[in-house]
Amino acid sequence: MPFYAVTDIQCSAHNEPDRSRRARETKRNTVKSTAPKLYVEEPGKVYPPVRLEEAEYAKAIQSLIVVCTDIGIIDVNSETIYLARRASRPANGWWWFIGGRSRVGETELESAQRCFKRETGLFIETKRFDFICMNRYFFKDRQQTPQEFGCDSLCYTLSLQLTREERDQITLDPREYFNGGLKAFHYKDLQSAQWVKDPIRDFYTMVFS
């Protein structure tokens, strides 16, 4: 089933990136986009976290938009992205970003750092995450029952350049991803790969065009 881009403001078609040397050098300096502004009424205020039981959380996401952070692992020099195959809903079976739900009072960079550590075992400094775009997803299903109710997610999408040594250290959370680790995708791979959806292709275009 295709993932329909109902509105497409930030990027248009999946145009093949400009692969000239000058374009690559320019992109290395301009990949970072401007994230939405965060206005804080009371700096330093602590928002105590509350853990919901599974049934309570299922009701919450049935009526509220969930804010998440998604991290796309990249290698700028080889114009490669590294994806993990999801083993849980939503997006079950898809080659997808690393990420998860943001907590109350958490910035997108703090959320990215925490989620990435939880999902991969790697602690990364927040300054290394680059904001790329905001995506919103109407997923057809969810992990919580009733699964067919789906969920509505608003996602900060960020890129992260990792070294080969760092990628080799990653151990994916088996509750979230299938065995096999990360898989490398170049532009042409993304066009024909099964279980790669348009948000991934759009991300690649924004990062490397």
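The values are calculated or read from the model by the stated rules, or taken from the named source; none is laboratory data. Keep in mind that this is a model prediction, so the values were computed, not measured. As a convention, Cβ positions derive from the backbone with ideal geometry for all residues, glycine included, and neighbour counts pool all protein chains shown.
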Please identify the pairs in which a residue from the range 174-188 that is free of Cβ contacts under 8 Å to residues at least 60 places away in the same chain has its Cβ atom under 9 Å from the Cβ atom of a residue that is in a loop (DSSP other than H, G, I, E, B), counting only partners at least 6 apart or on another chain.
Asn179/Ala87; Asn179/Leu172; Lys188/Glu16
Does the range 153-166 hold any residues that are under 15 Å from the mean Cα position of the chain (by Cα) and either farther than 22 Å from Phe123 by Cβ or among the charged types (D, E, K, R) (or both), and which are they?
Ser153, Leu154
Condition met for Thr157 (surrounded by 16 or more Cβ atoms within 10 Å (Cβ to Cβ) and either within 25 Å of Asn179 (Cα to Cα) or modelled with pLDDT under 95 (or both)):
yes
Out of Cys115, Cys133, sole residue that is crowded, with 17+ Cβ neighbours inside 10 Å, of a type in the set (A, V, I, L, M, F, W, C) and in a strand (DSSP E or B):
Cys133
Here are some residues: Phe139, Phe97. Which one is over 14 Å from the mean Cα position of the chain (by Cα), under 16 Å from Asp70 (Cβ atoms), surrounded by 14 or more Cβ atoms within 10 Å (Cβ to Cβ) and modelled with pLDDT of 95 or more?
Phe139
Between residues in the range 189-209 that are among the charged types (D, E, K, R) and outside any helix (DSSP H, G or I) and residues that are surrounded by fewer than 21 Cβ atoms within 10 Å (Cβ to Cβ) and at pLDDT below 95, which pairs lie under 7 Å by C-beta distance while being six or more apart or on different chains?
Lys197/Phe3
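Being of a type outside the set (Asp, Glu) and within 19 Å of Ile65 (Cβ to Cβ) narrows it down to one of Thr120, Thr107, so name that one.
Thr107
Go over the candidates Phe208, Phe185, Phe138 one by one and state the one that is closer than 29 Å to Glu56 by Cα and not basic (Lys, Arg).
Just one listed residue meets the conditions, Phe138.
Kindly indicate the residue of the range 138-182 that is among the small types (Gly, Ala, Ser) and out of contact with any Cys (no Cβ under 8 Å at 6 or more places or on another chain) and also farthest from Thr107 (Cα to Cα) among those meeting that condition.
Gly180
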Considering only residues that are in contact with a Cys (Cβ under 8 Å, 6 or more places away or on another chain) and hydrophobic (A, V, I, L, M, F, W, C), look in the range 54-86 and name the one that is nearest to Asp198 (Cα to Cα).
Ile71
Restricting attention to the range 65-98, which residues are of a type in the set (Gly, Ala, Ser) and on the phi > 0 side of the Ramachandran plot?
Ala91, Gly93
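Please enumerate the residues belonging to the range 50-90 that are in a loop (DSSP other than H, G, I, E, B), of a type outside the set (Ser, Thr, Tyr) and closer than 26 Å to Ile170 by Cβ.
Val76, Asn77, Glu79, Ala87, Arg89, Pro90
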